[in-house]
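Asks: One structure, as structure tokens, below. Some questions next.
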Amino acid sequence: MNSRGRIAVRLAAAMALGALVLLPEVRATPITIDWVTVGNPGNAADTTGFGRVNYGYQIMKFEFTNAQYAGFLNAIDPEGTNPNLVYNSDMGSNARGGITNTGSTNGSRYAVKSNMGDKPVNYVSWWDAARVSNWLHNGAQTYGTTDATATAPQNTGAYTVGTATSGDAVAKNSGALYWLPTENEWYKAAYYDPTLSGTGGYRVYGNGFSSQPTAVTSGTTGIGTVGGTGNFANYSSQGSWNGQTGNVTTVGTNGGPSYYGAFDMSGNVGELNDLDGLALSGSSRGNRGGNWGTLSPSILSSSTSSSVTPSFAGSSVLGFRLAAVPEPSTCAMALAGLACGGYTMWRRRKRA
């Protein structure tokens, strides 16, 4: 149940796709993602109507961090020209943002700010998260392109987004290996506990508890401080550091995990989900879990959801985590015509 493994996926950086212009290979630092498995397929829905999922899947153990997002940016945009607006300048200018775009060396133009690498990325939109999904689906290649109209690894795969940055969100493609979780997938990973009452049920909060959490405080580097019970969450602007009254805190330091082992599903940053379901596009995307500034703990609970437009990226309180297929083979993420080699992405797993 608690076995862990590591799959190294090595994919080539050279390909020919019509108008694609390849830059000299830029070796970005491999990103590491921890995953937990959400099992118990066919569980009953909660009284809210959410949470039933008929298949197993994985979800990120932690929210997507600034360090991981900077790795994505440097891989797909080594020259720092910001195609498709995947970098929001508020990440650099706002004290609660975590990434700058001031580097002078290709492949490392984007850098995380001091003490911000392990904080959840914010100032991101649904389009940004969809492009991260595509990049991972396509093997996290280390090449870039100077042609904004070319088929780049961030523009197709899990989602066919092309070069769009606004408008209706598109449906997840069949065969996607990584994606924004649907609301039911997110809800189940956060609140479902198959051992509750002997037959399974739902916790009220995403930290494994049904009683109101205590708000975390923070050390000077943004690490959340919690008590022995683990019934804590980063909300109510109590996690203050870096000169800010309330701020994002280090992922995984804000109280206990959900039953499946996912952290920070209540508080820290609100998380995007595909509100309209598995196969639908739409003009709004879901947002669940509350955030560091949420005043009422009820907004952190299973009873509350909200929505944003797919292009909305102007907030320090909104981030994301991804879902994934349970067991991809070593080279399952390769596109046709690619050989195994080149960029390495470590995928850690925890089975539940």
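The values are calculated or read from the model by the stated rules, or taken from the named source; none is laboratory data. Computed from a prediction, not measured in an experiment: that's the story for all the values here. Here the Cβ positions follow ideal geometry from the backbone for every residue, glycine too, while neighbour counts run over all protein chains shown.
Asks: Can you pull out the residues in the stretch 177-233 that are charged (D, E, K, R) and either over 12 Å from residue 302 (Cβ atoms) or in contact with a Ser or Thr (Cβ under 6 Å, 6 or more places away or on another chain) (or both)?
Replies: 185, 203
Asks: Next question. Which one of the conditions (1) at pLDDT 95 or above; (2) more than 28 Å from residue 326 (Cα to Cα) does residue 206 fail to meet, given that it meets all the rest?
Replies: (2)
Asks: I've got another one for you. Among the residues of the stretch 198-224, how many are in a loop (DSSP other than H, G, I, E, B) and in contact (Cβ under 8 Å) with a residue 24 or more places away in the chain?
Replies: Selection size over the stretch 198-224: 14.
Asks: Does residue 59 count as over 28 Å from residue 80 (Cβ atoms), assigned to a strand (DSSP E or B), hydrophobic (A, V, I, L, M, F, W, C) and at pLDDT below 50?
Replies: When the stated conditions are applied, residue 59 does not pass them.
Asks: Being within 16 Å of the chain's Cα centre (by Cα) and surrounded by fewer than 24 Cβ atoms within 10 Å (Cβ to Cβ) narrows it down to one residue among 56, 103, 49, 97; which is it?
Replies: Sole residue among the options that is within 16 Å of the chain's Cα centre (by Cα) and surrounded by fewer than 24 Cβ atoms within 10 Å (Cβ to Cβ): 97.
Asks: Name the single residue that is surrounded by the most Cβ atoms within 10 Å (Cβ to Cβ) among those in the stretch 230-240 being at positive phi and modelled with pLDDT of 95 or more.
Replies: It comes out as 236.
Asks: Quick one: how many residues across the stretch 243-276 are under 19 Å from residue 312 (Cα atoms) and either modelled with pLDDT under 95 or surrounded by fewer than 22 Cβ atoms within 10 Å (Cβ to Cβ) (or both)?
Replies: Going through the stretch 243-276 one residue at a time, the tally reaches 3.
Asks: Which ones in the stretch 112-135 are in a strand (DSSP E or B) and among the aliphatic types (A, V, I, L, M)?
Replies: 112
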